[in-house]
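This report concerns only the one structure given below.
Read-outs throughout are calculated quantities, based only on the coordinates presented, and are distinct from any laboratory measurement. Bear in mind the structure is a predicted one, so any value in this text is a computation, not a measurement. Cβ coordinates were reconstructed from backbone atoms using ideal geometry, including for glycine residues, and neighbour counts include every protein chain displayed.
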Amino acid sequence: MPPPKIQRQRQGRTTSSLQKSTDIQRFMNTRSETSQQPSDESASTSNPTMADGEWRTVLSDSLKKTENTICARLITKIDDLRKDLNEVSDRVTGLEHTTQVHETQIQDDKNRHDDQIKKIQDAILLDRVYQRKYNLLLYGIPESREENAETCVRDFIHSKLGLDQAKVDAILFANVHRLPRVKKLPGTDNPIIMKFISYPMREEVFRLARQNGPKLRDMRVSLRSDLPPELKAIRGKLASKAYDIRKNQGYQTRITERGIAVTLEVRESSERPWKRVCLGDNP
């Protein structure tokens with residue numbers, strides 16, 4: 001058995017050899033790992049590239065599928081909205097037709113009621129004309145404080161219209177008096193209203209007044225029928241137009257009253273027929 005010193009030397013060499021062997025093994029392993037690293041990097045580099053392509057494909061397919069789904073839903077929704085719109089349009093058309101029918105009916109009812117009201121108004125106006133049919137109004141007779149209206153009327157009928165005195169004395173009046181005007185112009189006299197008992201006598205006196213129309217106009221005297229205010233207003237406008245026609249064109253004029261119709265008639269001479277003229281017409 002070798003001495004202890006030599007034994008320790010041998011153990012030291014053995015330990016050193018083992019350490020060197022271990023270092024060599026580690027070095028070889030390190031080189032082996034280093035030599036294998038490029039292939040691992042290439043593998044790791046190629047695998048992500050393939051995963052990226054697959055990801056793009058999957059994403060593209062998913063987007064197309066989502067797009068198709070959204071488009072299909074939109075088309076369905078648009079179709080539903082179009083149906084709803086058509087239904088609303090049909091309802092509106094129906095309501096418009098119904099409204100038009102109702103408006104037509106309302107307008108027809110209004111026209112019918114207006115016609116009925118006009119007939120009633122005309123009937124009332126005609127009744128008011130009838131209540132005045134026995135009356136005559138005498139304009140232009142000077143007014144005095146001590147006058148007797150009936151005496152003035154009888155004198156006018158005899159002296160100005162030429163009626164025989166016996167007939168004048170036989171005339172029966174229900175009433176004769178001055179009729180105060182609501183709006184009296186300065187320098188004018190209130191007209192005299194006379195109510196005849198006999199309508200034929202009233203018509204005879206009125207006929208004589210029309211025959212002596214030019215003479216009465218020169219005297220600024222007139223004998224007129226008693227009309228309701230609305231017909232008096234029409235007659236006043238026609239009288240003004242008649243004056244302009246006589247002055248500017250020299251035609252003969254007359255105003256006729258039939259029922260509730262007041263009209264102006266003109267003619268060039270006594271040989272020509274009378275022609276009706278409206279307010280806005282030229283003879």
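Tell me which GluC sites (Glu not before Pro) from region 124-225 have a DSSP coil assignment and no more than 11 other beta carbons within 10 Å of their own.
Details: sites: Glu143, Glu146, Glu147, Glu150, Glu203, Glu204; in loops: Glu143, Glu146, Glu147.
Passing both the DSSP loop test and the Cβ count: Glu146.
Roughly speaking, what % of Cα-Cα pairs in region 110-196 are separated by over 20 Å, rounded to a whole number? Don't jump to the answer; show the numbers that get you there.
Details: 1919 of 3741 pairs.
Of all Cα-Cα distances in region 110-196, 51 percent exceed 20 Å.
Send over the per residue convex hull volume for region 151-283, Cα only, as a whole number of Å³. Write out the running numbers ahead of the final one.
On the way: hull volume 18.7 nm³, N = 133.
It comes to 141 Å³ per residue, whole-number rounded.
Assuming R0 = 22 Å, what is the FRET efficiency of Ser270 and Asp244, from their Cβ-Cβ distance, to the nearest 0.05?
Working: r = 21 Å, r/R0 = 0.95.
E between Ser270 and Asp244, to the nearest 0.05, is 0.60.
Could you tell me how far the Cα centroid of region 218-242 sits from the Cα centroid of region 142-179, in Å?
21
What is the magnitude of the charge dipole of region 175-283 about its Cα centre, with +1 placed on the Cβ of each Lys and Arg, -1 on the Cβ of each Asp and Glu, and no other charges, expressed in debye to the nearest 20?
It works out to roughly 240 debye.
Looking at region 193-247, which trypsin sites (Lys or Arg not before Pro) are in a loop (DSSP not H, G, I, E or B) and have at most 11 other Cβ atoms within 10 Å?
Working: sites: Lys195, Arg202, Arg207, Arg210, Lys215, Arg217, Arg220, Arg224, Lys232, Arg235, Lys237, Lys241, Arg246, Lys247; in loops: Arg220.
Answer by residue number: Arg220.
List, in the order given, every pair from Lys160/Lys247; Lys195/Lys247; Lys167/Lys241; Lys215/Lys241 whose Cα-Cα distance in the structure shown is over 29 Å.
Numbers: Lys160/Lys247 24 Å; Lys195/Lys247 33 Å; Lys167/Lys241 35 Å; Lys215/Lys241 19 Å.
Violating the 29 Å limit, Cα to Cα: Lys195/Lys247; Lys167/Lys241.
In a shell of Cβ-Cβ distance under 13 Å around Asn86, excluding Asn86 itself, what net charge do Lys and Arg (+1) and Asp and Glu (-1) give?
Within the 13 Å Cβ shell, the charges total -2.
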